[in-house]
Amino acid sequence: MNIELRFFASLREALDTSQETVDLTPRVETVGALRTYLRERGGAWADALAQGRSLRMACNQLMASDDTPLTEGCEVAFFPPVTGG
């Protein structure tokens, strides 16, 4: 399944990217599983997306929780709880 990723504010800076297209394995079916999958990259990814770190997530521009399902071609955004203009 291919999805579009977007990263904003301090996450964008920590990961040195604002967007990416990824081809996910079948085991990654939810936004929470995606966060875990990305953390497994290690380094800055593990730190920026760490469990317990306060992050907001959106799927197709709607606020998402860990159990929000992913669909082919969806857009998932990660951002800190407060962002500025």
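The values are calculated or read from the model by the stated rules, or taken from the named source; none is laboratory data. All of these numbers come straight from a predicted model, not from anything done at the bench. Every residue, glycine as well, gets a Cβ built from its backbone with ideal geometry; the counts of neighbours run over all protein chains shown. Ligands, DNA and RNA are stripped out before the accessible areas are found, and what is left, the full protein with its side chains, is counted by its heavy atoms. Shrake-Rupley method; radii C 1.70, N 1.55, O 1.52, S 1.80 Å.
The table that follows gives values for the structure above.
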quantity	calculated
Subset of the stretch 53-85 (residues that are acidic (Asp, Glu) and surrounded by 11 or more Cβ atoms within 10 Å (Cβ to Cβ))	66, 75
Residue count for the stretch 13-69, restricted to those that are in contact with a strand residue (DSSP E or B) (Cβ under 8 Å, 6 or more places away or on another chain) and of a type in the set (Val, Ile, Thr)	6
Test: residue in the stretch 24-45 that is touching a residue at least 40 places away in the same chain (Cβ under 8 Å) and touching a Cys at 6+ places or on another chain (Cβ under 8 Å)	yes
Residue within the stretch 32-47 that is open to solvent by less than 50 Å² (accessible area, probe 1.4 Å) and either at pLDDT below 95 or part of a strand (DSSP E or B) (or both) present	no
